[in-house]
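Okay, so here's the structure we're looking at.
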Amino acid sequence: QVQLVESGGGLVQPGGSLRLSCAASGSIFNINVMGWYRQAPGKERELVARIIMGASTNYADFAKGRFTISRANAQNTMYLQLNSLKPEDTAVYYCNVYGRKFGGESYDYWGQGTQVTVSS
């Protein structure tokens, strides 16, 4: 069974930066979409950024100009660079990979999340 594990979260001051990582336990084939989501206390989970393979890269309005999504294929790892962090960015950040297995079955994998806290 595929496992996704996020890391890199922590406590930072406003204006600071973090780089989040998402590592897969093994190879994931036929990926359609990979992305990052977040969930703040008392709020619903929301999209931060995603890469639609062969099509586009999308960012939420709050992420544009501050966050960058990227991927290192050889290491089965993707990243989310967080810059110019604000207190309202405080949330648990989750990575997600969506696609279709050989044979036609779809998959939708999620990590357990990593906590980002922005506070002075």
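Calculate the dipole size of the chain relative to its Cα centre from +1 charges on Lys and Arg beta carbons and -1 charges on Asp and Glu beta carbons; express the result in debye to the nearest 20. Could the numbers behind the result be given before it?
Working: 11 positive and 8 negative charges, 40 e Å.
Its charge dipole is roughly 200 debye.
Roll a 1.4 Å probe over the protein chains and send me the accessible area per residue for the range 49-120 in Å².
Details: 3890 Å² over 72 residues.
Here the per-residue accessible area is 54 Å².
Label 7 Å along Cα→Cβ of N83; the range 18-50 residues with amide nitrogen under 18 Å?
Correct set: 18-21, 49-50.
Counting only protein heavy atoms and using a 1.4 Å probe, what share of the accessible area of the chain belongs to carbon plus sulfur, as a whole percent?
Values: 3090 of 6700 Å².
With neighbouring chains kept in place, the figure for the chain is 46 percent.
I'd like the distance between the alpha-carbon centres of the range 14-48 and the range 64-90, rounded to an integer number of Å.
If we compute the Cα centre of each part, the gap is 8 Å.
If I build a Gaussian network model for the chain, linking alpha-carbon pairs within less than 10 angstrom, which residue out of L80, L11, L20 has the largest mean-square fluctuation?
Most flexible of the set in this elastic network: L11.
Grab the Cα-Cα distance for W110 and N73, subtract it from 0.36 nm times how many residues apart they are, and report the gain in nm with one decimal.
On the way: separation 37, 0.36 × 37 = 13.32 nm, distance 1.78 nm.
Gain on extension, W110 to N73, equals 11.5 nm.
The values are calculated or read from the model by the stated rules, or taken from the named source; none is laboratory data. Given the structure is predicted, the values throughout are model-derived calculations rather than measurements. So basically every Cβ, Gly included, is an ideal-geometry build from the backbone, and we count neighbours across all protein chains shown. What goes into the accessible areas is simple: the full protein's heavy atoms, side chains included, and nothing from ligands, DNA or RNA. Shrake-Rupley method; radii C 1.70, N 1.55, O 1.52, S 1.80 Å.
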